[in-house]
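Working notes, structure below.
The values are calculated or read from the model by the stated rules, or taken from the named source; none is laboratory data. No experiment lies behind these values; they were computed from the predicted model shown. Note that we place each Cβ from the backbone using ideal geometry, even for glycine, and neighbour counts take in every protein chain shown. To get the accessible areas, we keep the full protein, side chains included, count just its heavy atoms, and leave off ligands, DNA and RNA. Shrake-Rupley method; radii C 1.70, N 1.55, O 1.52, S 1.80 Å.
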Amino acid sequence: MDKYLIVGLGNVGSEYDLTRHNTGFMVLDAFAKASNISFEDRRYGFVGETSLKGRKVLLLKPSTFMNLSGNAVRYWLNHENIDQSRLLVISDDVALPLGDFRLKSSGSNGGHNGLGHIQQLIGQNYARLRMGIGNDFPRGMQVDWVLGRYSDEELKELQPSIDIAVDIIKSFVLAGIDITMNQYNKLGKRAKKVE
């Protein structure tokens, strides 16, 4: 059976709930809710399991804290013997406006600590879905921004993108990264404005 590892990045603990840095967790929670999956506290993270048309899908919310996310990703790839081409990591991104998103098959970490640590341990050849959280913060205040909670209005603006991200996960598993990028990247906010 083909296996896939879908990782949402975030920080564990109620004090981090609904913070911008936990957008990856929020996407996985939405996917789990839609598919009736529950997470179990396992080694290096909270793990949920489902299957899509005969493919096994593991959902992972690392419990390592953001800047050590690579430990959890590497462990579960090895533990489940999952090929790196079947890994998708979902993270927040200050370089994209709130509600925008970009799916890429590989690339740099863009200054994101979680992606940076994953890259140190397994390289940069893995798919990642970057969810825009905006960057409306004064110089030097990035940490406060990413660890700040979304407002109700922001959550409303973000929700359609979270719904699309759930579809992206399914498409990544069933159709692969290239088809999924072609289909979904044009749904990002900026692309809409151009059309």
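So here's what we get for this one:
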quantity: Test: residue in segment 101-120 that is of a type in the set (Val, Ile, Thr) and either touching a Lys or Arg at 6+ places or on another chain (Cβ under 6 Å) or open to solvent by 30 Å² or more (accessible area, probe 1.4 Å) (or both); calculated: no
quantity: Failed item, numbered, when residue 50 is tested on (1) without any contact (Cβ under 8 Å) to a residue 40 or more places away in the chain; (2) open to solvent by less than 30 Å² (accessible area, probe 1.4 Å); calculated: (2)
quantity: Qualifying residue in segment 88-107 (condition: part of a helix (DSSP H, G or I), of a type in the set (Gly, Ala, Ser) and closer than 28 Å to residue 42 by Cβ); calculated: no
quantity: Selected residue [in a strand (DSSP E or B) and more than 24 Å from residue 93 (Cβ to Cβ)] from 61, 56; calculated: 56
quantity: Matching residues, segment 61-81, being farther than 17 Å from residue 11 by Cβ and surrounded by 18 or more Cβ atoms within 10 Å (Cβ to Cβ); calculated: 75, 76, 77
quantity: Qualifying position, being open to solvent by 10 Å² or more (accessible area, probe 1.4 Å) and either basic (Lys, Arg) or in contact (Cβ under 8 Å) with a residue 12 or more places away in the chain (or both), among 159, 84; calculated: 84
quantity: Checklist (1) closer than 20 Å to residue 59 by Cα; (2) under 15 Å from the mean Cα position of the chain (by Cα) applied to residue 122, failing item; calculated: (2)
quantity: Selection from segment 142-189 of residues that are acidic (Asp, Glu) and not in a helix (DSSP H, G or I); calculated: none
quantity: Single residue of 47, 73, 27, 12 found to be at pLDDT 95 or above and not in a helix (DSSP H, G or I); calculated: 47
quantity: Tabulated pairs, segment 101-115, first more than 18 Å from residue 185 (Cα to Cα) and touching a residue at least 12 places away in the same chain (Cβ under 8 Å), second outside any strand (DSSP E or B) and open to solvent by 60 Å² or more (accessible area, probe 1.4 Å), C-beta under 6 angstrom, 6+ apart or interchain; calculated: 113/67
quantity: Matching residues, segment 125-141, being over 12 Å from residue 93 (Cβ atoms) and either within 15 Å of the chain's Cα centre (by Cα) or assigned to a helix (DSSP H, G or I) (or both); calculated: 126, 127
quantity: Matching residues, segment 131-155, being open to solvent by 50 Å² or more (accessible area, probe 1.4 Å) and either of a type in the set (S, T, N, Q) or within 23 Å of residue 185 (Cβ to Cβ) (or both); calculated: 135, 142
